[in-house]
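Nothing in this text is a laboratory measurement; each read-out follows from the coordinates by a stated rule. Note that the structure is predicted; figures quoted are calculated from it, not measured. As a convention, Cβ positions derive from the backbone with ideal geometry for all residues, glycine included, and neighbour counts pool all protein chains shown.
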Amino acid sequence: MDANGGYGRKQAVRIMDAAGDCDVRWFEEPVSSDDLTGLRAVRDAVRPDVTAGEYGGDLTYFRRCARQARSTACRPTPPGAAGSPNGCASPPSPPRITWSSPRTAQVRIEQMFFDGTLDPTGGRVRPDPTAAGNGLTLRRDVAERYRQADR
C-alpha cells in the first residue's frame, strides 16, 4: 500500500488499524519521506513493514537516512530491492520490488530511456545477476534527444 506521503503520523496509524483485516504487509511512505522521525513512529506502531526514500536525490539525503537507520529511525533497503531506488526506512525483511501498471507514464518512460527493465508477468522478476546496481542502463542516444541546455 503506497500512501505517497499523504498522511500525518497519527492518521497513518489509524489507517493501518482500520485496514487490519486486509493483510497489508507493506506501507510505503505513510508520511513524507523527509519525516524520518514520523516514519519511525509509524513503523513502531503498525504491523506492516514501513518504507520510504524513493524521492531521495542526493548523497546528503541518503547520509541523513543512514544516520537515522543506525538510530533505528529507518532501515536502509538492501541493494537492488526496489524498482526505483528506495533508500530509507524499509524493513530488514526479504527484498521487494514495487511495480507500476504498464499503462503508467513512469513505466513507459523507464522502458524508453533504459535497457534492462524487467517484466513482472507471472509475479516474478529476475534481475540480471551480472549487471551492476539495479541492472538498468541509460539509453544515452534516446536521453540526448530530450536534453535541455544548461541555463
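Things worth noting here:
- Going from the fewest other Cβ atoms within 10 Å to the most, the residues Glu144, Glu54, Glu110, Glu28 appear in the order Glu144, Glu110, Glu54, Glu28.
- For Lys10 and Arg47, the difference between the fully extended length at 0.36 nm per residue and the C-alpha to C-alpha distance is 11.9 nm.
- Footprinting exposure proxy for Val24, Val142, Val50 (fewest neighbouring C-beta atoms within 10 Å first): Val142, Val24, Val50
- Extending 7 Å from Cα along the Cβ direction at Thr60 and again at Asp115 yields two label points whose distance is 3.6 nm.
- Cα gyration tensor, the stretch 105-145 - rounded (a/c under 1.5), prolate or oblate: oblate
- With θ taken as phi - 60° and the Karplus curve 6.51 cos²θ - 1.76 cosθ + 1.60 applied, the whole-hertz 3J(HN,Hα) list for the stretch 115-121 is 8, x, 5, 10, 10, x, 3 Hz, x standing for glycine and proline.
- Between the amide H of Val50 and those of Phe27, distances stay under 5 Å, these residues lying 5 or more places away or on another chain, with hydrogens modeled in the peptide plane.
- Filtered trypsin sites (Lys or Arg not before Pro), the stretch 1-70: DSSP coil and at most 12 other beta carbons within 10 Å: Arg25
- Per-residue 3J(HN,Hα) values for the stretch 105-110, derived from phi via the Karplus relation 6.51 cos²θ - 1.76 cosθ + 1.60 with θ = phi - 60°, read 4, 4, 5, 4, 5, 4 Hz in sequence order (x marks Gly and Pro).
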